[in-house]
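This report refers to the structure that appears directly beneath it.
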Amino acid sequence: MVRLFNRDWTRSEIQQLVPDPTQIARIQRVTLREGRADGVEAVEVATGSGFAFTVLPGRGLDIARASYNGIPLFWRSYTGEVAASFFEPQGMGWLRGAYGGLMNTGGLTYMGSPSVDQGEELGIHGRAGYIPASNVWADADWDGDEYRLWVRGKVAEAAALGPNVVLTREISTEMGASSLVIRDRVENRTFQRVEHMMLYHFNIGFPLLSEQARLLLNTQQIIPRDDDSRAGLERWDRFEPPLAGRPHQLFYHQLCPDADGKAHVLLVGMPDTSGGPVGVYLSYRHDTLPWFINWKCMAAGDYVTGIEPANAWVQGRAEERVAGRLRFLEAWESVSYEVEFGVLTGSAAIHAFAEQHALPRL
């Protein structure tokens, strides 16, 4: 059934009312034409509920903009979208094209801080988010009484005489939905063992992010990254107002999965809307993403928090190897990931989600 305008609709009812489903929900391929974004392939998706987002096949099938009823759900950096050809892999060069957006992928063979791992110099957060996708398929169709919309494609981190790690990604939603699901399969398509690091870097900014916002987790352990983070440990779930020069903080969490093996994260904001508070949530498979990372950047002009499921810490591949957290894929081995992102509006929906998943109440 399609849930729209406070009631459920069958496929037959929708088809009798509209000749083309794109009158309500649409998926459209476009090409960006401005500055350093010139030529970047994009796919715009709108579900008809007020939820809309943009996927960038030209940038690793990551998710740029996202909104709900006009409320931006993401953070956008000074760079804006930048074409893959501007990638600077050395050191912190990744940041020169880090547009933010809703979700950036860190990986596939390395992510986190720059490091030198077994003689190989590695920059920040890996190559995946700068690799244009191939075999892209953006489409929509009926599946019984549900109208599904999806973007699919492949992102290959490959080198001659080196690794060939292929990400096959589907980002899907439905007519009337206020959520999306990312389903990924990462495969080592060589005869050699390869390092594999994976980070889903969701970026939340204003207006959801403010000093009234709160992060709700079912956490069993919190590990501050550094002294600045330790200083803010008592307020790990709260957010400060922007202040010029405020240091970044980062916390590693070990979350408690539910009976289905999923972890759940809820960030509740207080934008000035008549419908009450707005929350965004993540639900994901805990077995393949055992770490949850919260990055807090409360600096004026760079006001953002990252809610980030990951398969390792973000200390850099060399340190992860020494710590024993580094994952590997054997020859022709693959691993699957599933992450759901969604929007909740109003106190009742937010409290129901928190209660269902044993999260703290506001």
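Annotations
- Unit charges at the beta carbon, dipole of the stretch 89-236: most positive-side option, Ile131, Thr168, Val186: Ile131
- Cα-based shape type of the stretch 57-107, given that a ≥ b ≥ c are square roots of the gyration tensor eigenvalues and the cut on a/c is 1.5: prolate
- Coarse-grained scattering of the stretch 192-235 at q = 0.20, 0.29 Å⁻¹, given as base-10 log I(q)/I(0) from a Debye sum over alpha-carbon atoms: -1.00, -1.15
- Size of charge dipole - the stretch 217-340 - debye, nearest 20, with Cβ of Lys, Arg +1 and Asp, Glu -1, no other charges: 240
- Cα Rg over Rh - the chain, Kirkwood: 0.95
- Span from the the stretch 1-77 Cα centroid across to the the stretch 172-189 one, whole angstrom: 14
- Prolate/oblate/rounded label for the stretch 216-326 (Cα gyration tensor, a/c 1.5): oblate
- Where the Cα pairs of the stretch 141-262 fall when distances are cut into 5 Å bins, in %: 2, 7, 11, 13, 13, 14, 15, 14, 8, 3, 1
- Normalised size of the stretch 96-197, defined as Cα radius of gyration per 2.2 N^0.38 Å with N residues, equals 1.28.
- Rounded to the nearest 20 debye, the dipole size of the stretch 2-356 about its Cα centre is 320 debye, using +1 on the Cβ of Lys and Arg and -1 on the Cβ of Asp and Glu.
- Ascending count of other beta-carbon atoms within 10 Å, so fewest first, for Met197, Met298, Met175, Met270: Met270, Met298, Met175, Met197
- Where chymotrypsin sites (Phe, Trp or Tyr not before Pro) in DSSP loops with at most 13 other Cβ within 10 Å are excluded, longest remaining stretch of the chain: 192-331
- Residue exposure sequence - Ser336, Ser113 - by fewest surrounding Cβ within 10 Å: Ser336, Ser113
- Largest GNM mean-square fluctuation across Ala213, Ala244, Ala133, computed for the chain with C-alpha springs under 10 Å, falls on Ala244.
- Ranking of Asp184, Asp302 by count of other Cβ atoms within 10 Å, fewest first: Asp302, Asp184
- Along the axis of the charge dipole computed for the chain (Cβ charges of +1 for Lys and Arg, -1 for Asp and Glu, origin at the Cα centre), the listed residues Pro21, Leu208, Asn311 are led at the positive end by Leu208.
- The chain: calculated mean residue ellipticity at 222 nm from DSSP helix runs of at least 4, using -39500 (n - 2.57): -2000 deg cm²/dmol
- Taking a ≥ b ≥ c as the square roots of the eigenvalues of the Cα gyration tensor, an a/c ratio of 1.5 or more together with a/b larger than b/c marks the stretch 14-97 as prolate.
Throughout, read-outs are computed from the coordinates displayed, never taken from laboratory work. What you are looking at is a predicted structure, and each value in this text was computed from that prediction instead of being measured. Counting neighbours? That spans all protein chains shown, and the Cβs are built from the backbone with ideal geometry, glycine included.
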